[in-house]
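Please read the structure below before turning to the comments.
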Amino acid sequence: MKRSRPKFMAEFKAKVAVAVVKGDRPLAVTNCLNFGNPYKPEVYYLFAECVRGMGEACRVFETPVTGGNVSFYNEDAERAVYPTPVIGMVGLIDNVAHITTQWFKNEGDMIVLVGENQEDLGGSEYLKTIHNLVTGDAPYLDLEKERRVGKFVLDAIRKGLVNSAHDVSDGGLAVCLAECCITNPDRLFGCKINLKSAMRPDALWFGEAQSRVVVSLPAENYTQLVKLASQYNVGIATLGEVTAGVFEFADYGSLDPAELKERYYSCLPKLMERSA
């Protein structure tokens with residue numbers, strides 16, 4: 001697989017991951033592909049790689065394309081839009097009891113990472129937001145590994161082993177954990193994260209390495225989860241536990257979940273006010 005193609009499979013993979021962590025079995029996709037002037041060789045190349053990448057992913061995940069559209073010439077005299085494939089996915093939930101949400105449910109639940117962290121910051125929100133850089137290749141995506149991770153998480157959900165599941169995507173692991181704490185509509189949670197790593201901290205917490213899911217579960221289910229992970233040849237690692245207090249990182253300090261929630265949900269209105 002060419003290294004460039006995962007740039008255009010990231011959106012596809014994200015929709016598969018979202019479907020799986022909600023308890024869906026992915027069935028099919030549609031798409032909208034947005035690019036600049038296709039008569040420019042670099043734009044046509046990006047478009048062709050996008051189509052090839054989506055085709056490769058569809059074959060691995062066995063999700064046919066039911067339809068879609070292409071939008072070209074999205075540019076002005078000075079610049080074009082970023083190559084933007086948008087994927088819509090339909091999935092099937094066989095039993096409403098399998099519907100799974102991303103937020104933590106119970107104080108004391110274990111927090112477990114499915115998949116492995118990788119030191120990869122290319123194309124990340126962190127680089128754009130903190131350093132104003134849109135650079136680097138997208139994180140490498142192993143489609144077969146992604147497929148195993150998805151099947152494992154779906155099986156764990158159907159076996160009733162986990163209370164929540166959330167894919168690690170935009171913003172990386174730190175943002176994923178924060179969303180697990182603050183998006184519960186009924187109450188705020190915190191978490192105590194004890195993850196130790198020799199990886200550089202910004203890559204560890206904000207890198208967007210693929211094929212990762214954060215789940216929470218009762219401690220008594222952990223042994224079963226380990227056995228299931230072994231069956232699917234998927235790596236898992238304990239991150240910490242759900243708390244009722246602060247959002248705490250080992251060796252990196254702590255944050256107030258209430259402040260995180262306020263910033264998370266007021267960000268867009270404040271940006272709109274600023275631009276008005």
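Some points to look at:
- Rounded to the nearest 0.05, the FRET efficiency derived from the C-beta distance between Thr223 and Asp155 at R0 = 22 Å is 0.90.
- Nearest-0.05 FRET efficiency for Lys40 and Ser197, computed from C-beta distance (R0 45 Å): 0.60
- Length gained on full extension, Asn74 to Ser254, computed as 0.36 nm times the residue gap minus the Cα-Cα distance: 60.5 nm.
- Against the chain, whose longest principal axis is taken from its Cα atoms, helix 257-275 shows a tilt of about 20°.
- Stretch gain in nm, segment Arg52-Val86, where the contour uses 0.36 nm per residue and the Cα spacing is subtracted: 10.8 nm
- Degrees, to the nearest 10: 41-61 long Cα axis against longest axis of the chain: 40 degrees
- Value at 222 nm in deg cm²/dmol, rounded to 500, when DSSP H runs of n ≥ 4 in the chain each add -39,500 (n - 2.57): -12500 deg cm²/dmol
- Think of each Lys and Arg Cβ as +1 and each Asp and Glu Cβ as -1; about the Cα centre, that makes the dipole of region 183-276 roughly 200 debye.
- Legend: residue pairs Lys22/Lys145; Lys196/Lys227; Lys159/Lys196, Cα-Cα distance threshold 27 Å; pairs beyond threshold, Lys159/Lys196.
Computed from the coordinates by the stated procedures, all read-outs in this text should not be read as laboratory data. All values reported here derive from a predicted model rather than from experimental measurement. Backbone-built Cβ (ideal geometry, glycine too); neighbour counts: all protein chains shown.
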